[in-house]
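Enquirer: Please see the structure below; I have some questions.
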Amino acid sequence: MDRIWIATASLLYPETSPGRLVSLDEILAEIDRLFPTEITRVMVTHHLVSWVDRQKDRANPSRGGSRNRYLFRTLDGVTPSGTGKFRLYRAGDARYDGQGKTGKTHPQEEDVPAAYRYLLKWYQEEYYQG
C-alpha cells in the first residue's frame with residue numbers, strides 16, 4: 001500500500017495545490033514504472049481513499065480493509081467524489097473520513113526506500129497542511 005502513496009506523491013511533487021489531481025491510470029502506470037509489483041485498482045479506489053468506509057469482515061469487525069487515509073478522490077480538489085481523480089490526503093480532509101478510517105496518512109519513513117524519502121519530507125512540511 002505504501003507504494004501507492006509513493007507513486008501518487010511522485011506524480012504530484014513538487015506541486016502543493018489541492019487542484020492538482022492524478023488519474024487512476026496515471027497512478028497504476030507510475031507504480032509499474034517504479035516498482036516490480038502488481039497493484040489492483042480496488043487497492044487504490046477503495047482501501048486507501050480516506051472518505052470510503054473501511055471494508056471490514058462482518059463476522060470479525062476488527063479484521064478487514066485498511067484504516068489508512070493515503071488518498072482523497074475528488075473532482076474539484078476539495079469535495080469527495082466517487083468518479084474523480086486522486087490527490088494525497090490533507091489535514092482539512094478529516095471532516096470527510098469514512099467509517100473506520102482512522103489510520104495513518106502517509107507511510108512510515110522506514111517503510112519508504114531511501115530514494116523516495118524526500119517525498120515524505122515534502123508531504124509533511126509543505127503538502128499536508130496545504
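The values are calculated or read from the model by the stated rules, or taken from the named source; none is laboratory data. In this text, all values refer to a predicted model and were calculated from it rather than measured experimentally. Cβ placement follows ideal geometry from the backbone for every residue including glycine, while neighbour counts extend to all protein chains displayed.
Enquirer: If you take the residues in the range 100-130 that are assigned to a loop (DSSP other than H, G, I, E, B) and either touching a Pro at 6+ places or on another chain (Cβ under 8 Å) or of a type in the set (A, V, I, L, M, F, W, C) (or both), which one is surrounded by the fewest Cβ atoms within 10 Å (Cβ to Cβ)?
Expert: Among those that are assigned to a loop (DSSP other than H, G, I, E, B) and either touching a Pro at 6+ places or on another chain (Cβ under 8 Å) or of a type in the set (A, V, I, L, M, F, W, C) (or both), it is GLY130.
Enquirer: Let me spell it out: the conditions are (1) at pLDDT 95 or above; (2) over 11 Å from the mean Cα position of the chain (by Cα), and VAL42 meets all of them except one. Which number is the exception?
Expert: (1)
Enquirer: Looking only at residues that are in contact with a strand residue (DSSP E or B) (Cβ under 9 Å, 6 or more places away or on another chain) and at pLDDT below 95 in the range 100-129, which one is farthest from GLU26 (Cα to Cα)?
Expert: Per the criteria, the residue is GLY100.
Enquirer: Out of (1) touching a Pro at 6+ places or on another chain (Cβ under 6 Å); (2) exposed (fewer than 15 other Cβ atoms within 10 Å of the Cβ), the odd one out for ALA94 is which?
Expert: It fails just one condition, (1).
Enquirer: Report every pair of residues separated by at least 6 positions or lying on different chains whose Cβ atoms are under 6 Å apart, first residue within the range 28-50 and farther than 19 Å from LYS104 by Cα, second in a loop (DSSP other than H, G, I, E, B).
Expert: Partner pairs satisfying both residue conditions: ILE31/ILE39.
Enquirer: Condition first: part of a strand (DSSP E or B), closer than 14 Å to TYR123 by Cβ and of a type in the set (A, V, I, L, M, F, W, C). Now tell me which residues in the range 64-99 satisfy that.
Expert: Selection gives LEU71, PHE72, LEU88.
Enquirer: Quick one: ALA9 ticks every box in (1) small (Gly, Ala, Ser); (2) under 20 Å from GLY130 (Cβ atoms); (3) part of a loop (DSSP other than H, G, I, E, B) except a single one, so which number is it?
Expert: (3)
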